[in-house]
Amino acid sequence: MHEENKTAANGCGKIRSGAQNGAALLALMEKTGYSMVQQNGQRKFGGPPPGWEGPPPPRGCEVFVGKIPRDMYEDELVPVFERAGKIYELRLMMEFSGENRGYAFVMYTTKEEAQLAIKILNNYEIRPGKFIGVCVSLDNCRLFIGAIPKDKKKEEILNEMKKVTEGVVDVIVYPNATDKTKNRGFAFVEYESHRAAAMARRRLIPGTFQPWGHTIQVDWADPEKVVDEETMQRVKVLYVRNLMISTTEDKIKAEFNKFKPGVVERVKKLRDYAFVHFFHREDAVAAMSVMNGKCIDGASIEVTLAKPVNKESSWKQHFNGQISPSSENLLGFPNKEDGTQKSLGKPASLSVRLNGQHSPGSPEVERSTYPFFPGIKLTPISMYSLKLNHFSSAVMHLDYFCHKNSWAPPEYCLYSTTSQDGKILLVYRVLISSIADDSQSYFMPEKLCTTVEDAKELAAQFTLLHL
């Protein structure tokens with residue numbers, strides 16, 4: 001069997017025969033006692049395993065596995081993934097040809113086992129020269145709904161969604177940054193399962209459902225960043241949202257110091273949200289409990305622990321399912337308006353996205369070149385007919401979003417200064433006249449660049465982050 005697999009891997013033969021494959025899988029089922037069913041383009045091993053009682057494992061127990069050799073099957077995969085713990089279910093995506101599609105989902109019985117699988121099996125050499133990728137699986141149960149009338153309350157939106165879709169658990173609505181009596185023109189609908197969310201998306205996307213006489217925009221919401229428990233136990237920064245635009249950093253610091261003077265190290269505020277840094281974690285946790293729901297300058301604030309991010313990650317990570325103008329470059333922490341407001345707080349225009357994480361592997365933008373052969377037919381198109389994964393810069397993303405939301409194009413104004421060592425430093429100010437209001441008519445980053453291209457890209461990133 002291994003010799004034949006080697007031949008197939010070298011491209012000198014076909015995948016192993018159906019009889020050989022069937023025999024290997026039958027032997028695996030007899031050895032483990034697990035069942036195996038193939039349906040809807042995937043093969044399920046287990047789910048539940050033998051003797052399992054009670055509900056399935058909670059969210060966070062599943063990992064995504066990519067770059068699996070196409071001629072590798074459960075008889076080879078299961079022993080590898082059992083090293084991290086007990087498998088509840090393994091779902092291998094299959095082609096009609098009998099090959100696998102190069103990726104799978106493995107659900108463990110506990111979150112700790114899933115985290116261990118990521119730790120010990122990511123970049124694991126599963127065959128000579130073949131390395132698999134293992135990361136957390138984002139079981140998305142949340143839809144982004146854009147173009148909602150801004151005067152609609154949470155209850156009205158919830159009732160409207162329940163009329164036409166099943167499995168609605170909750171609706172998340174954020175107040176407008178400048179007028180707390182209005183919403184921001186979008187909401188997030190939480191469903192009881194990924195399947196319920198997928199069915200709802202399928203039903204809503206054609207545009208036949210027009211609540212309150214409006215054509216809504218529907219797509220997957222970006223799942224919140226998953227941070228392991230060990231890392232979260234070290235966090236001593238709070239994320240505070242729903243602040244008034246006029247509330248100052250000094251006022252926020254004073255309010256959070258009230259319950260225990262001198263515990264706040266510093267405050268960083270951006271528009272209507274802020275990060276409050278504490279000297280000690282225990283004070284941050286205590287302040288979160290005390291301050292969540294409190295009023296500051298007439299606004300009821302929401303307070304949670306900030307989620308750390310990888311500072312080495314770039315703006316263009318996960319183009320397949322996430323719009324990520326990384327706040328870590330500015331702050332060291334994302335907020336729910338980066339990890340969520342890029343996802344859970346983006347304006348209606350940002351709903352033009354690709355499908356969540358549920359494409360294999362969330363690849364970055366492909367930037368290859370291909371030969372242009374004589375006779376190839378070319379078709380004139382508009383850049384606005386493309387999808388987000390065709391763009392590799394924040395400047396193009398911002399232009400795309402403005403167009404999709406029927407806004408005027410962004411206006412870039414270039415400014416310069418001179419550094420102490422005589423270098424010309426540049427920064428762009430971005431004006432989007434269609435959304436300008438009295439409190440925020442332009443966006444300008446807090447960093448200067450040495451090249452025009454970098455300055456413009458940074459300004460576009462900053463604008464996307466703060467919309």
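Odds and ends about this structure:
- Being part of a loop (DSSP other than H, G, I, E, B) and either touching a residue at least 60 places away in the same chain (Cβ under 8 Å) or of a type in the set (D, E) (or both) is a description that does not apply to D219.
- Residue selected from region 372-415 under the condition basic (K, R) and part of a loop (DSSP other than H, G, I, E, B), by the criterion surrounded by the most Cβ atoms within 10 Å (Cβ to Cβ): K387
- Taken together, K162, K152 contain a single residue that is free of Cβ contacts under 8 Å to residues at least 40 places away in the same chain and either touching an Asp or Glu at 6+ places or on another chain (Cβ under 6 Å) or not in a strand (DSSP E or B) (or both), which is K162.
- Hey, D454 acidic (D, E) and modelled with pLDDT under 90 or not: no
- Cβ-Cβ under 8 Å pairs, at least 6 apart or on other chains, region 112-131 side touching a residue at least 24 places away in the same chain (Cβ under 8 Å), far side of a type in the set (D, E) and outside any loop (DSSP other than H, G, I, E, B): A114/E62; I126/E76; F131/E125
- Filter pass, G85 being touching an Asp or Glu at 6+ places or on another chain (Cβ under 6 Å), more than 30 Å from V173 (Cα to Cα) and of a type in the set (G, A, S): yes
- Evaluation of P57 against (1) crowded, with 20+ Cβ neighbours inside 10 Å; (2) not in a loop (DSSP other than H, G, I, E, B) (one fails), failing number: (2)
- Every residue from region 115-149 that is basic (K, R) and exposed (fewer than 14 other Cβ atoms within 10 Å of the Cβ): K119, K130
- The lone exception for H397 - which of (1) without any contact (Cβ under 8 Å) to a residue 60 or more places away in the chain; (2) within 18 Å of Y442 (Cα to Cα) it fails: (1)
- The condition (being within 27 Å of Y191 (Cβ to Cβ), assigned by the TED database to the domain that holds I126 and among the small types (G, A, S)) is satisfied by just one residue among G54, G33: G54.
Conditions tested, residue by residue: (1) touching a strand residue (DSSP E or B) at 6+ places or on another chain (Cβ under 6 Å); (2) assigned by the TED database to the domain that holds S193; (3) modelled with pLDDT under 75.
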site	(1), (2), (3)
F373	no, no, yes
Y412	yes, no, no
T417	yes, no, no
S441	no, no, yes
T450	no, no, no
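- Of K404, K377, all but one fail to be at pLDDT below 85 and not assigned by the TED database to the domain that holds K456; the exception is K377.
- Residues that are β-branched (V, I, T) and part of a helix (DSSP H, G or I) within region 272-305 comprise V285, V290, listed in sequence order.
- Applying the set (1) outside the structural domain of E74 (by the TED database); (2) open to solvent by less than 20 Å² (accessible area, probe 1.4 Å) to V106 leaves exactly one unmet item: (1).
- The set of residues in region 150-164 that are under 29 Å from A274 (Cα atoms), of a type outside the set (D, E) and surrounded by fewer than 20 Cβ atoms within 10 Å (Cβ to Cβ) comprises K150, K152, K153, K154, L158.
- Test: G167 is open to solvent by 50 Å² or more (accessible area, probe 1.4 Å) and either outside the structural domain of E53 (by the TED database) or over 28 Å from P57 (Cβ atoms) (or both): no
- Any hit, region 14-33, residues being at pLDDT 85 or above, part of a loop (DSSP other than H, G, I, E, B) and within 16 Å of L90 (Cα to Cα): yes
- Residue match in region 64-77 (condition: touching a Leu at 6+ places or on another chain (Cβ under 9 Å), surrounded by fewer than 19 Cβ atoms within 10 Å (Cβ to Cβ), at pLDDT 90 or above and not in a loop (DSSP other than H, G, I, E, B)): yes
The values are calculated or read from the model by the stated rules, or taken from the named source; none is laboratory data. Because the structure is a prediction, the values reported are computed rather than measured. Here the Cβ is made from the backbone with ideal geometry for all residues, glycine too, and neighbour counts use every protein chain on show. Side chains included, ligands, DNA and RNA excluded: accessible areas come from the protein's heavy atoms. Shrake-Rupley method; radii C 1.70, N 1.55, O 1.52, S 1.80 Å.
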